[in-house]
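Chemist: I have a structure here, written as structure tokens, and I will follow up with some questions on it.
The values are calculated or read from the model by the stated rules, or taken from the named source; none is laboratory data. Nothing here was measured: the structure is a model prediction, and the numbers come from that model. No Cβ is skipped: glycine too gets one built from the backbone with ideal geometry, and neighbour counts run over all protein chains shown.
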Amino acid sequence: MQDSFDIVTIVFLCLAVFVIWRLRSVLGQRTGNERPPFDPFARRERNGKPGAPANGAQNGKAVSPADDQSGGDNIVRLPGPANDTHAPDRSNDPDRWKGFAELGSPVANGLDAIVAAESSFDAPGFREGAKSAYELIVTAFAQGDRKTLKGLLSREVFEGFDRAITEREQRGEVVNTTFVSVDSADFIAVDVQALVAQITVRFVSKLITATYDVDGKVIDGAPDAVVDVTDTWTFSRTLRSRDPNWLLIATESGG
């Protein structure tokens with residue numbers, strides 16, 4: 001009887017440890033019920049036709065310069081071991097995170113932890129890749145391109161985006177957005193736990209956006225007005241894994 005009790009206790013302890021580990025590995029991740037990038041996210045052709053793909057799109061799908069050229073899917077290649085195999089040792093360089101974080105700050109310490117696990121990590125390259133991912137995800141969300149989104153989002157975030165797209169489709173609405181610029185992409189939090197890295201980036205961008213109803217009338221935004229948008233997104237990746245791609249695990253508008 002005592003042996004049976006001990007076995008049950010051990011099983012429950014193991015389950016508790018597993019649950020805690022899973023929660024920690026997705027620290028900062030939301031449930032998928034959070035609001036996706038608020039619905040001004042679609043590209044708009046210069047001729048102003050609702051729903052038309054923007055310049056740089058192929059077959060109705062937005063293409064980023066960072067996309068994978070070897071396959072049919074759009075994959076944003078942020079820095080990882082499959083892409084950056086050689087990197088100089090900058091651990092003793094006091095300016096190694098200049099332009100990203102002050103030495104000794106939580107963000108700098110988090111970046112140091114990433115480099116300690118994966119020396120190929122390149123902060124400038126990641127930031128440029130994150131900006132490309134931001135535009136690609138925003139565009140795919142607006143166009144209802146679930147295939148592209150599925151490869152770039154965590155399951156929970158994808159489910160939230162998918163619900164928003166479905167609701168928009170049911171209402172017969174079309175959102176048209178043109179990126180004017182991505183003005184900044186600042187690292188505001190970096191964390192590594194059990195080789196799971198998370199980088200939270202605050203994007204500030206300028207967009208032209210308008211939402212059209214089923215009759216083609218503008219019901220939100222304006223097709224000729226530039227708006228400032230701030231989004232805070234968290235990307236995550238398991239370091240030392242073969243997969244070089246970072247997934248979007250959390251979004252927050254404003255901030």
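Chemist: Are any of the residues in region 225-237 of a type in the set (D, E, K, R), free of Cβ contacts under 8 Å to residues at least 60 places away in the same chain, surrounded by fewer than 18 Cβ atoms within 10 Å (Cβ to Cβ) and under 28 Å from residue 170 (Cβ atoms)? I'd like the intermediate steps shown before the answer.
Modeler: Start the filter on region 225-237 by keeping residues that are of a type in the set (D, E, K, R), which leaves 228, 231, 237.
After this cut, where a residue has to be free of Cβ contacts under 8 Å to residues at least 60 places away in the same chain as well, the list is 228.
Subsequent filtering for residues that are surrounded by fewer than 18 Cβ atoms within 10 Å (Cβ to Cβ) retains 228.
Still in the list and also under 28 Å from residue 170 (Cβ atoms): none.
Scanning region 225-237, I find no residue that is of a type in the set (D, E, K, R), free of Cβ contacts under 8 Å to residues at least 60 places away in the same chain, surrounded by fewer than 18 Cβ atoms within 10 Å (Cβ to Cβ) and under 28 Å from residue 170 (Cβ atoms), so the answer is no.
Chemist: Looking at region 97-118, which of its residues are part of a loop (DSSP other than H, G, I, E, B) and either surrounded by fewer than 17 Cβ atoms within 10 Å (Cβ to Cβ) or touching a strand residue (DSSP E or B) at 6+ places or on another chain (Cβ under 7 Å) (or both)? Write out each step before concluding.
Modeler: Taking region 97-118 as the starting set, the residues that turn out to be part of a loop (DSSP other than H, G, I, E, B) are 97-105, 118.
Across region 97-118, the qualifying residues are 98, 99, 100, 101, 102, 103, 104, 105.
Chemist: I'm told residue 191 meets every condition in (1) buried (at least 18 other Cβ atoms within 10 Å of the Cβ); (2) in contact with a Leu (Cβ under 6 Å, 6 or more places away or on another chain) except one. Can you identify the failing condition by its number?
Modeler: Of (1) buried (at least 18 other Cβ atoms within 10 Å of the Cβ); (2) in contact with a Leu (Cβ under 6 Å, 6 or more places away or on another chain), only one is false for residue 191: (2).
Chemist: Looking at region 133-152, which of its residues are at pLDDT 90 or above and within 26 Å of residue 212 (Cα to Cα)?
Modeler: Residues satisfying the conditions are 133, 134, 135, 136, 137, 145, 146, 147, 148, 149, 150.
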